[in-house]
Amino acid sequence: MSNLTFTMIKPDATAKGFTGAILDQIIKAGFSVKAMKWTKLSNEQAGEFYAVHKERGFYKELVEFMSSAPIVAAVLEKENAVEDFRKLIGATDPSKAAEGTIRKQFAASIGENAVHGSDSNENALIESNFFFSGLERF
Ligand code: ADP
Ligand code: MG
């Protein structure tokens, strides 16, 4: 089993000044940072990252949102990282997210939901490679 996952702090959360508070919760939950950057996706890059959702009704809105302001991208390490991180962030829709989860605390809506977390070990690798070269991981 892989011990890595990939996350982004999304544009809504960086714009509202939640970056530090979210990172603090991630680190306190036992994840260690293997790579991290503050960056801004172009419309094209956001479209490529979320290509798997191309056929969904919310795709255009998602791509516009994800390229609207800076994000923080990071590779995180912990035992059982993918599953534990999904638990830490909570359900996609913050109104359905469990108490204490990051989305419950910081997300405004199902679209603008503060954080991304990989849904499988395979996607964690693909998503990490989208943002980081081997020289950027420690
Ligand atoms: P998750 O991020 O929890 O893995 P999905 O992979 O299903 O959720 O969706 C990717 C992202 O697309 C979500 O995090 C959210 O930003 C956006 N999204 C998902 N469903 C909707 C929806 N019904 N309306 C608007 N945006 C959505
Ligand atoms: Mg997903």
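The values are calculated or read from the model by the stated rules, or taken from the named source; none is laboratory data. As the structure is a prediction and not an experimental result, all values here were calculated from the model. Glycine gets a Cβ as well: all are built from the backbone with ideal geometry, and neighbour counts include every protein chain shown. Side chains included, ligands, DNA and RNA excluded: accessible areas come from the protein's heavy atoms. Shrake-Rupley method; radii C 1.70, N 1.55, O 1.52, S 1.80 Å.
Points worth noting:
- Test: residue in the range 63-79 that is without any contact (Cβ under 8 Å) to a residue 60 or more places away in the chain, out of contact with any Leu (no Cβ under 9 Å at 6 or more places or on another chain) and among the charged types (D, E, K, R): yes
- Sole residue being in contact with a Phe, Trp or Tyr (Cβ under 8 Å, 6 or more places away or on another chain) and in a loop (DSSP other than H, G, I, E, B), chosen from L76, L62, L41: L41
- Each residue in the range 84-113 was checked for being closer than 16 Å to I27 by Cα and of a type in the set (D, E), and 1 pass.
- Any chance L125 is out of contact with any Pro (no Cβ under 6 Å at 6 or more places or on another chain), over 17 Å from P11 (Cβ atoms) and open to solvent by 50 Å² or more (accessible area, probe 1.4 Å): yes
- Selection status of I27, in contact with an Asp or Glu (Cβ under 7 Å, 6 or more places away or on another chain), free of Cβ contacts under 8 Å to residues at least 60 places away in the same chain and open to solvent by 50 Å² or more (accessible area, probe 1.4 Å): no
- Scan of the range 74-106 for residues that are of a type in the set (A, V, I, L, M, F, W, C), within 14 Å of ligand 1 (Cβ to nearest atom) and within 12 Å of the chain's Cα centre (by Cα), ordered by number: V82, F85, L88, I89, I102
- Residue list for the range 82-138, restricted to those being of a type in the set (A, V, I, L, M, F, W, C) and not in a helix (DSSP H, G or I): A91, A97, A98, A107, A108, I110, A114, V115, F132, F138
- Only a single criterion out of (1) surrounded by fewer than 16 Cβ atoms within 10 Å (Cβ to Cβ); (2) within 14 Å of ligand 2 (Cβ to nearest atom); (3) not β-branched (V, I, T) is not satisfied by L62, namely (1).
- If you go through the range 122-138 and keep only what is over 14 Å from the mean Cα position of the chain (by Cα) and within 15 Å of ligand 1 (Cβ to nearest atom), you end up with just E122.
- Applying the criterion of being β-branched (V, I, T) and open to solvent by 50 Å² or more (accessible area, probe 1.4 Å) to the residues of the range 79-122, the residue that is farthest from ligand 2 (Cβ to nearest atom) is I110.
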